[in-house]
1. Restricting attention to the range 33-58, which residues are within 23 Å of the chain's Cα centre (by Cα) and either modelled with pLDDT of 95 or more or not in a loop (DSSP other than H, G, I, E, B) (or both)?
2. So which of 209, 131, 232 ends up being surrounded by 12 or more Cβ atoms within 10 Å (Cβ to Cβ), basic (Lys, Arg) and modelled with pLDDT under 95?
3. Report, ordered by the first and then the second residue, all pairs with beta carbons closer than 9 Å, sequence separation of six or more or different chains, a first member in the range 87-115 that is on the phi > 0 side of the Ramachandran plot and in a loop (DSSP other than H, G, I, E, B), and a second member that is among the aliphatic types (A, V, I, L, M) and at pLDDT below 95.
4. Condition first: surrounded by 18 or more Cβ atoms within 10 Å (Cβ to Cβ) and either over 12 Å from the mean Cα position of the chain (by Cα) or under 11 Å from residue 42 (Cβ atoms) (or both). Now tell me which residues in the range 94-112 satisfy that.
5. Any idea which of (1) modelled with pLDDT of 90 or more; (2) of a type in the set (Asp, Glu); (3) in contact with an Asp or Glu (Cβ under 9 Å, 6 or more places away or on another chain) is the one residue 159 doesn't satisfy?
6. Within the range 66-86, does at least one residue satisfy the condition of being at pLDDT 85 or above, basic (Lys, Arg) and in a strand (DSSP E or B)?
7. Looking at the range 35-50, which of its residues are surrounded by 18 or more Cβ atoms within 10 Å (Cβ to Cβ) and among the basic types (Lys, Arg)?
Amino acid sequence: MSKLHPSAVLDNMAIFEILDHKGLKMIKATLRNETVRAEVGALHYMLGKIELKTPVPTAGGILKSMVTSESWLRPTYTGTGEVFFGPPKFGEYLTLDLQGDAWILDRGAYVCSDESVEIGAFRNKAMTALRSGEGWFQTKVEGYGQVVVQAQGSVQSIDLVDGRLVVDGSFAIARQAQLNFSVQRAAKGLLSSAASGEGLVNVIEGTGRVYIAPVPNPHVALAHHMAAAMYRPGVS
């Protein structure tokens, strides 16, 4: 992927808006002879002279997608008009404004981005991968431009300055790549950790920003509960 000068990127960026109608949210991307990339299946509808293409990925791109469990097909939309990504859903969307920095995303969080943003893979340390619930690889985005990610609930921003964030569960949907991510005991010593009822926790340390979604949207939680009940043995 060719690297663009930051000033050139700023002159060729789409406008992303998060639309909210009665709790249902979707993304509107306004293009002015620009290109955006999205997760496969993210398109809801589009207006204007916009060309949809599905570029053939490189061998490296396919490998990255295999290890991150993300789609290796990411369509691009080029032209002038409006593209609506969704379909409308309960939950939250968040726009990251990359200024040459890199972010690590939770699995399945990526929705769409400017074409100038590079999408790759970040490898977690062995013990972190096995115990954190995040897996061996996570999606990494970097460069200049905007990235839209999704979460199941309200998103909270936490800025760390040589600090330490302890998370009980996979609630961190995005973190800046310079932050250290590890799995540790909730308390010192095996007995204290077991007595706390927490066991192992995810720990993020350093200086940078983290976005977490600790409380699921009630509509999402209800939908998951209903889906689970439908497939429960003895329930027709």
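The values are calculated or read from the model by the stated rules, or taken from the named source; none is laboratory data. Small disclaimer: the values here were computed from a predicted structure and weren't measured. Methodologically, a virtual Cβ is constructed for each residue, glycine included, from the backbone with ideal geometry; neighbour enumeration extends over all protein chains shown.
1. 34, 35, 36, 37, 38, 43, 44, 45, 46, 52, 53 - these are the residues of the range 33-58 that are within 23 Å of the chain's Cα centre (by Cα) and either modelled with pLDDT of 95 or more or not in a loop (DSSP other than H, G, I, E, B) (or both).
2. Going through 209, 131, 232 in turn, the sole match is 131.
3. Going by the 9 Å Cβ cut-off, the qualifying pairs are 91/151; 91/213; 91/220.
4. 98, 110, 111, 112
5. Result: residue 159 fails condition (3) only.
6. No.
7. Passing the criteria: only 37.
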